[in-house]
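The values are calculated or read from the model by the stated rules, or taken from the named source; none is laboratory data. Everything quoted here is computed from the prediction, not taken from an experiment. Cβ: placed from backbone, ideal geometry, glycine included. Neighbour counts: every protein chain shown. Areas reflect the complete protein model, heavy atoms only, side chains present, ligands, DNA and RNA absent. Shrake-Rupley method; radii C 1.70, N 1.55, O 1.52, S 1.80 Å.
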Amino acid sequence: MARRRDARASGARTGIGSGPGKLLLTLYGIFTVGAASRSAVQLSTRFHEAPLPYLLSALAAVVYAFITVSLVRGGERARRAAFVCCCVELVGVLAVGTWALLDPADFPDTTVWSNYGMGYLFIPVILPVTGLLWLRRSGKSATARAGS
């Protein structure tokens, strides 16, 4: 019985970062490094030019990193945490994208989320939607596995 419980736990633990989750994990890892390094350079060398966009890029990097770590860790708690972060990311992309279009003066330089991620081929708006769908699906399949 303990082995079955351990197998279920390890199966659920690897579920969100396996299969299509590997692609999400890779993309979130790339975006973590990209947003973190870009914001680090901008914050350290040009903060006075556009503090809001640079801080928002740093925030995006933190969100991406949290999702990346959650996908690596796996398990139900990590899946729920990643789901919440994907929701935060999607709201951020939509809010910052809209804000940057409505009031461009507040954004003298772009962020990862500016114009809905246009500078990044709209991946910043597609990624959280895809992540939410995958996390929802992987949560259902983990529940189905646990019930069997």
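Residues that are over 23 Å from Gly21 (Cα atoms), surrounded by fewer than 17 Cβ atoms within 10 Å (Cβ to Cβ) and in contact with a Pro (Cβ under 8 Å, 6 or more places away or on another chain) do occur in the range 48-59. Quick check on Thr68: is it closer than 12 Å to Phe31 by Cβ and touching a helix residue (DSSP H, G or I) at 6+ places or on another chain (Cβ under 9 Å)? Considered against the rule, which asks whether it is closer than 12 Å to Phe31 by Cβ and touching a helix residue (DSSP H, G or I) at 6+ places or on another chain (Cβ under 9 Å), Thr68 comes out as yes. Among the residues of the range 101-116, what is the count of those that are free of Cβ contacts under 8 Å to residues at least 24 places away in the same chain and surrounded by 14 or more Cβ atoms within 10 Å (Cβ to Cβ)? Selection size over the range 101-116: 2. Using the structure shown, decide if Ala142 is out of contact with any Gly (no Cβ under 9 Å at 6 or more places or on another chain), of a type in the set (A, V, I, L, M, F, W, C), at pLDDT below 95 and in a helix (DSSP H, G or I). Taking the combined requirement at face value, the residue does not satisfy it. Please name all residue pairs, on different chains or six or more residues apart, with Cβ atoms under 6 Å, provided the first residue is in the range 62-81 and is touching a residue at least 60 places away in the same chain (Cβ under 8 Å) and the second residue is open to solvent by less than 10 Å² (accessible area, probe 1.4 Å) and β-branched (Val, Ile, Thr). What qualifies is Gly74/Ile16; Arg79/Ile16. Going by what's in this entry, would Phe47 be described as within 14 Å of Cys86 (Cβ to Cβ) and free of Cβ contacts under 8 Å to residues at least 40 places away in the same chain? It is false that Phe47 is within 14 Å of Cys86 (Cβ to Cβ) and free of Cβ contacts under 8 Å to residues at least 40 places away in the same chain.
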